[in-house]
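Have a look at the structure below before the remarks.
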Amino acid sequence: MKVLLDLQYLNVATTGIKTYMVELAKAIRKYPHPEVEFIFTHEPDKQSKDNSFKGTQSKIQRLNYHLDYFRWKEFQLPDLVKKHQPDVLICPDFVSPAASLPCRRLTVVHDAFFWQMPQNYPKWWRTYFLNLIKKGLKEKTEIITTTDYSKRSLEKHLGKNWPISVIYQCPKSLKAASDPQILKKLGLVNQSYFLHIGTFDKRKQLPLLTKTFAEFLKQTKSSKKLLLVGGPGQSAQMNDFPKVEKLVKELGLEKHVILPGFLSDGEIKALYEHAFAYLFPSENEGFGIPIPEAMGFGLPVIHSDQEALLEVADGAGLPFQTGNQEDLLEKMVLLDRDSELCQSLSEKGKIRSGDFSAQKFVEAFHQIILKPGL
């Protein structure tokens with residue numbers, strides 16, 4: 001079986017989809033299958049380093065990117081299909097070409113956010129992107145998604161016209177050497193901080209986490225800090241970074257809440273290794289990659305009871321009612337005071353994290369690729 005993997009979107013991807021694409025490409029090379037030949041449209045590392053469309057952009061630059069993306073999906077990618085004649089095309093970024101193709105399609109639709117949370121996206125862009133997604137769902141298409149929760153959500157909005165399979169992804173392989181200097185730089189010591197890593201998108205509920213942490217300090221008189229690693233949300237409508245900055249000042253948390261921005265893999269690895277616990281209050285996730293990532297480092301995890309996170313944690317985390325500040329505070333205080341609970345969650349988490357290996361990730365793709373055609 002010959003499989004063409006579309007990696008073009010790596011030139012702009014910065015969040016979970018980037019991790020998904022990069023780790024899938026790595027797993028394909030590390031765990032080859034004798035009956036499957038993969039062809040990459042782009043070399044992953046090189047495409048990830050392409051900064052042509054990254055960073056702050058003018059309206060003209062953003063328009064040029066959308067035109068470039070459209071040309072790729074609707075003209076250049078179909079031409080590559082003609083050239084390589086694959087049995088299967090995998091598009092891991094929601095969108096497959098609208099053109100008729102002679103091969104099967106596996107289109108990865110990571111979540112249903114575009115349907116569930118329209119307020120988080122510019123209206124014109126959302127309409128355009130949903131149109132691209134729907135036009136690419138044709139012929140011999142199978143949708144791949146990340147959790148059973150995402151599958152149910154997609155069936156609600158797309159119907160059951162296309163088969164949907166669930167493949168659990170693997171977290172980012174942090175192969176870089178741990179860089180403990182980041183702790184000194186940020187004024188941290190072992191077990192002295194709660195950790196969250198990710199963008200400041202509204203659905204991540206980081207203002208709620210900031211306010212809860214202020215109450216945690218009042219109630220416990222703890223010296224622990226809150227470390228929020230990552231950059232602004234993906235659009236002005238989705239970005240809660242200014243709100244968190246304002247809360248930090250209003251609540252007098254300048255010495256207690258640290259906002260270091262984006263960090264290197266080595267720095268992030270060191271932060272995982274020395275954190276007290278991981279906090280994940282998100283109101284909506286398609287998967288929740290930080291859960292298996294943090295659990296793999298032995299961190300106890302407090303997470304919202306959002307369906308995807310409950311599914312991924314599978315009882316190895318400590319859930320709280322989504323959006324409920326009092327419940328989140330209760331769980332943070334409980335974890336701070338109960339060392340046996342911390343140890344139990346750490347042990348359960350390490351076991352659960354093993355269900356999200358790179359080998360299992362790519363083998364699930366092999367199984368779908370090799371099954372009889374749709």
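The values are calculated or read from the model by the stated rules, or taken from the named source; none is laboratory data. In this text, all values refer to a predicted model and were calculated from it rather than measured experimentally. FYI the Cβ positions are ideal-geometry reconstructions off the backbone, even for glycines, and counts take in every protein chain you see. Side chains are part of the model used for accessible areas, which takes the heavy atoms of the whole protein and leaves out ligands, DNA and RNA. Shrake-Rupley method; radii C 1.70, N 1.55, O 1.52, S 1.80 Å.
Some points to look at:
- Estimated from helices alone, the mean residue ellipticity of the chain at 222 nm is -13000 deg cm²/dmol (sum of -39500 (n - 2.57) over DSSP H runs with n ≥ 4, per residue).
- Ratio of the Cα radius of gyration of segment 101-240 to 2.2 N^0.38 Å, where N counts its residues: 1.41
- Spin-label proximity, Ser173 to segment 283-305 - amide N less than 20 Å from point 7 Å beyond Cα toward beta carbon: 289-298
- Listed residue pairs exceeding 21 Å between alpha carbons, taken from Lys225/Lys331; Lys2/Lys135; Lys185/Lys218: Lys2/Lys135; Lys185/Lys218
- Segment 274-350: C-alpha gyration tensor shape, a/c 1.5 cut-off, then a/b vs b/c: oblate
- Segment 338-365 and segment 194-224: distance between their alpha carbon centers, rounded to Å: 24 Å
- The chain: relative contact order as a whole-number percent, Cα under 8 Å and 6+ apart: 17 percent
- Calculated SAXS-style log₁₀ I(q)/I(0) at q = 0.09 Å⁻¹ - the chain, Debye, Cα scatterers: -0.53
- Quotient of Cα Rg and 2.2 N^0.38 Å for segment 209-258, N being how many residues it contains: 1.20
- Farthest towards the positive end of the charge dipole of segment 128-189, among the residues Gln181, Ile144, Pro163, is the Cα of Gln181, using unit charges on the Cβ of Lys, Arg, Asp and Glu.
- Per residue solvent-accessible surface (Å²) - the chain, probe of 1.4 Å: 45 Å²
- Take Cys91: with every protein chain present and a 1.4 Å probe, its accessible area is about 0 Å².
- For segment 227-325, the alpha carbon convex hull comes to 119 Å³ per residue, rounded to a whole number.
- Those lysines that a straight Cα-Cα span of less than 17 Å connects to Lys59, excepting residues fewer than 8 apart in one chain: Lys123
- Note on surface exposure: Lys202, Lys246 rank Lys246, Lys202 by accessible area, highest first, 1.4 Å probe.
- Sorting 6-12, 235-241, 260-266 by their mean Cβ neighbour count within 10 Å, with the most densely packed peptide first, gives 6-12, 235-241, 260-266.
- Counting protein heavy atoms only, the chain has 51 percent of its accessible area on carbon and sulfur, 1.4 angstrom probe.
- Contour minus Cα-Cα distance for Leu63 and Ile368 (0.36 nm per residue): 106.2 nm
- Top of Gly286, Gly187, Gly198 by mean-square fluctuation, Gaussian network on the chain, Cα under 10 Å: Gly187
- Where Rh is the Kirkwood radius over Cα pairs, Rg/Rh for segment 1-141: 0.96
- For segment 1-60, the spread of Cα positions along each principal axis, largest first, Å: 47, 18, 15
- Label-point separation in nm, Phe262 to Phe75, each point 7 Å along Cα→Cβ: 2.9 nm
- Scalar couplings 3J(HN,Hα) for segment 249-254, obtained by applying the Karplus form with A = 6.51, B = -1.76, C = 1.60 to θ = phi - 60°, are 6, 5, 8, x, 9, 4 Hz; x denotes Gly and Pro.
- Rounded to the nearest 5, the antiparallel percentage of DSSP beta bridges internal to the chain is 5%.
- Measuring with a 1.4 angstrom probe and ignoring ligands and nucleic acids, Arg152 comes out at about 120 Å² accessible.
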